[in-house]
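Heads up: the structure comes next, in structure tokens.
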Amino acid sequence: MVELLTIDGEEFEIMCITPDLYEESEELFMYVFPNFGNMCLCTNLKEAPEAMEELRKLMLAVLNDGISFAARHRATDQLVGICCNKIINNKKNITLDEALKNLKSPEMLAIDAYFELLENGYDIFKEWQVESAFEIEFLAVHPAWGKRGLGFSILSHALDFAHAMAKGELRPDQMAHVSKQIREEQPQVAMGLFTSFYTQKMVAKLNFVSINVVPISEISFENNTFTQFIDSQHVNSQFAAKRL
């Protein structure tokens with residue numbers, strides 16, 4: 001099922017990222033995140049081949065669930081935005097732990113440690129009494145199409161999907177792309193770690209609750225604070241969630 005969207009007179013299609021779209025999605029992701037993602041900028045990740053490969057593998061591990069989405073610009077037939085999502089259910093060992101434990105590069109280890117700091121030991125599964133979560137892992141929009149609401153539209157589409165999944169109301173055409181491992185999952189919460197001022201505005205608009213906030217100024221990599229590398233409008237990073 002494809003959702004049609006018009007922004008500033010331009011038409012887009014929002015669709016599930018199926019295996020035939022992996023290569024194109026990967027190309028977009030590996031351009032946007034290393035060059036514009038705050039955590040990648042702070043660690044100069046694009047200059048570290050090992051870290052780049054680890055980031056690529058992590059993204060592909062997320063796509064395997066079949067619950068990620070892309071926006072295609074109809075006029076140019078190019079993918080211009082993606083929202084990559086993963087079901088997390090620790091009791092069933094549905095996690096990203098296998099991919100994360102293989103991280104070796106200083107850059108990716110620093111990013112992973114930062115994300116652990118953001119979670120701050122808060123066990124949302126215990127505190128919110130839930131077992132299954134729809135985790136937003138990566139949201140990327142090509143800079144040529146930024147600041148037009150496209151990222152918000154893709155994220156909203158993903159959350160509509162999450163709501164339907166939570167209620168057991170996915171249509172057959174939607175369920176067809178979902179990994180067999182998670183087809184019985186009904187996530188009770190959507191959550192994510194949001195390191196950009198823009199994504200934080202998006203999730204606030206979508207009624208996410210802020211669980212923990214860490215000032216960018218408190219974080220460093222190789223003795224350089226993150227504030228040296230990113231725009232001053234990005235003041236904090238945030239762990240946020242909402243019930244489905």
Would you please name the residue that is nearest to residue 218 (Cα to Cα), looking only at residues in the stretch 89-113 that are acidic (Asp, Glu) and more than 17 Å from the chain's Cα centre (by Cα)? 107
Could you give me the residue pairs with C-beta distances under 9 Å whose first residue belongs to the stretch 152-178 and is more than 15 Å from residue 68 (Cβ to Cβ), whose second residue is part of a helix (DSSP H, G or I) and of a type in the set (Lys, Arg) wherever it lies, and which are 6+ apart or on separate chains? 152/201; 152/205
Confirm whether residue 222 is loosely packed, with under 14 Cβ neighbours inside 10 Å and either aliphatic (A, V, I, L, M) or over 24 Å from residue 30 (Cα atoms) (or both). no
Condition first: assigned to a strand (DSSP E or B) and without any contact (Cβ under 8 Å) to a residue 12 or more places away in the chain. Can you find one or more residues in the stretch 11-32 that meet it? no
Are there any pairs with C-beta distances below 9 angstrom linking a residue in the stretch 216-244 that is in a loop (DSSP other than H, G, I, E, B) and modelled with pLDDT of 80 or more to a residue that is among the charged types (D, E, K, R) and surrounded by fewer than 20 Cβ atoms within 10 Å (Cβ to Cβ), with the two at least 6 apart or on different chains, and if so which? 244/167
What's the number of the only condition in (1) within 20 Å of residue 33 (Cα to Cα); (2) at pLDDT 95 or above; (3) surrounded by fewer than 15 Cβ atoms within 10 Å (Cβ to Cβ); (4) charged (D, E, K, R) that residue 116 fails to meet? (2)
Where in the stretch 86-188 are the helices (runs of 4 or more DSSP H), entirely inside, with at least 3 residues that are farther than 18 Å from residue 60 by Cα? 106-119, 124-127, 150-166, 172-175
Inside the stretch 137-147, the number of residues satisfying the requirement of being in contact (Cβ under 8 Å) with a residue 60 or more places away in the chain and either β-branched (Val, Ile, Thr) or surrounded by fewer than 16 Cβ atoms within 10 Å (Cβ to Cβ) (or both) is 3
Going by the conditions given, is residue 196 within 15 Å of the chain's Cα centre (by Cα) and either among the small types (Gly, Ala, Ser) or closer than 17 Å to residue 244 by Cα (or both)? yes
Would you tally the residues in the stretch 41-57 being touching a Phe, Trp or Tyr at 6+ places or on another chain (Cβ under 9 Å), surrounded by 23 or more Cβ atoms within 10 Å (Cβ to Cβ) and either of a type in the set (A, V, I, L, M, F, W, C) or closer than 30 Å to residue 183 by Cα (or both)? 3
Does residue 210 satisfy being hydroxyl-bearing (Ser, Thr, Tyr), closer than 24 Å to residue 140 by Cα and assigned to a loop (DSSP other than H, G, I, E, B)? no
Among (1) crowded, with 22+ Cβ neighbours inside 10 Å; (2) without any contact (Cβ under 8 Å) to a residue 60 or more places away in the chain; (3) assigned to a loop (DSSP other than H, G, I, E, B), where does residue 67 come up short? (2)
Could you please give the count of residues in the stretch 114-172 that are of a type in the set (Gly, Ala, Ser), over 19 Å from the mean Cα position of the chain (by Cα) and more than 29 Å from residue 7 (Cα to Cα)? 2
Has the stretch 199-208 got any residue that is within 24 Å of residue 107 (Cβ to Cβ) and touching a helix residue (DSSP H, G or I) at 6+ places or on another chain (Cβ under 8 Å)? yes
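The values are calculated or read from the model by the stated rules, or taken from the named source; none is laboratory data. All values derive from a computational prediction rather than experimental measurement. Here the Cβ is made from the backbone with ideal geometry for all residues, glycine too, and neighbour counts use every protein chain on show.
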